[in-house]
Amino acid sequence: MLYPNPQNQMPQISEKAWVSETAIIVGNVTIGDNVFVAHNAIIRADEPGSSVMIGDNCNIQDSVIIHSLSNSDVVVNSNTSLAHGCIVHGPCIMGEGCFVGFGSVVFDCVVGNDTLVLHNATVRKVRIPAGKVVPDGMSITSQDAVECLEDVSSELVKFKDSVVKANLNLVNGYKNLATQA
C-alpha cells in the first residue's frame, strides 16, 4: 500500500520494480528499477525533511523496516540486499553491493560499498569502509571497533551476489505472473 506523508509527498516507484501488496510505503520514498520489496516490508519517510532512496537491483525482504528521522535521509545504493527482519534507520547511507542480515540494525552510519553486516548485528554511529564484514551478532558502536573488522572473503562475495541474483529473478517472476492474470 502506498500512502502520502503529512507533507502530502507520495512514494515514487519505478514501473520495473515489484512491490508486494502487503508492503507499506509512506511519503518521500524513491524506489529504482528491478527492486524487490517483499511481503510486510515497511518503508517510511513521513517525518518532516526525511527521505528514503533505494537504488536499482536492491531487495527489501520480508518484514524489513526502513525509516528516516526528521531532516535525515536513508540511501540504499544499487545491488544491496536487506534480509528478513532487519532495520535500516536514518540517517544512514548504505554503499553499493552491501548485505544486511536477518534481524540486524543499522542506524546513524555510513556503510561502504560491498560491506556485509551479518545476522543479528548492530551498526550505529560509525563509518565502515568498503569491503568489510561485521560478524553475526556483533555490535559496532565505536569507530575503534570498526578497525578490527576483517575484509569480506570471496565466499561472502559469492553469497551476497547470489542473493541479489535470486531476488532479481523474483522481480521478473512476480511481474510475469501479474501479466498472466
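If the condition is being under 18 Å from ILE54 (Cβ atoms) and among the aromatic types (Phe, Trp, Tyr), then segment 146-181 contributes only TYR174. Can you name the number of the only condition in (1) under 25 Å from ILE128 (Cβ atoms); (2) touching a helix residue (DSSP H, G or I) at 6+ places or on another chain (Cβ under 9 Å); (3) of a type in the set (Ser, Thr, Tyr) that SER50 fails? Single failed check for SER50: (2). Looking at segment 1-41, which of the residues that are acidic (Asp, Glu) and exposed (fewer than 14 other Cβ atoms within 10 Å of the Cβ) is nearest to LEU69 (Cα to Cα)? Among those residues, the one meeting the criterion is GLU21.
Can we say ASP73 is in contact with a Pro (Cβ under 8 Å, 6 or more places away or on another chain), farther than 17 Å from MET10 by Cα and at pLDDT 95 or above? Criteria not met by ASP73. The set of residues in segment 83-100 being under 22 Å from ASP151 (Cβ atoms), open to solvent by 40 Å² or more (accessible area, probe 1.4 Å) and β-branched (Val, Ile, Thr) consists of ILE93 alone. Residues in segment 42-57 that are without any contact (Cβ under 8 Å) to a residue 60 or more places away in the chain and farther than 25 Å from SER70 by Cβ: ASP56 alone.
Only one of the numbered conditions (1) farther than 18 Å from VAL152 by Cα; (2) outside any loop (DSSP other than H, G, I, E, B) is violated by HIS84, and that is (2). Filtering SER68, SER51, SER104 for residues that are modelled with pLDDT of 95 or more, within 24 Å of SER153 (Cβ to Cβ) and among the small types (Gly, Ala, Ser) leaves a single hit, SER104. All conditions but one from (1) under 17 Å from the mean Cα position of the chain (by Cα); (2) at pLDDT 95 or above apply to GLU155; the one that does not is (1). Scanning segment 42-70 for residues that are over 23 Å from ASP114 (Cα atoms) and surrounded by 24 or more Cβ atoms within 10 Å (Cβ to Cβ) returns ALA45, SER50.
The values are calculated or read from the model by the stated rules, or taken from the named source; none is laboratory data. Quantities reported herein were computed from a predicted structural model and do not represent experimental measurements. Cβ sites come from the backbone with ideal geometry, for glycine too, and all protein chains shown count toward neighbours. Please note that ligands, DNA and RNA were not included when accessible areas were found on the heavy atoms of the full protein model with its side chains. Shrake-Rupley method; radii C 1.70, N 1.55, O 1.52, S 1.80 Å.
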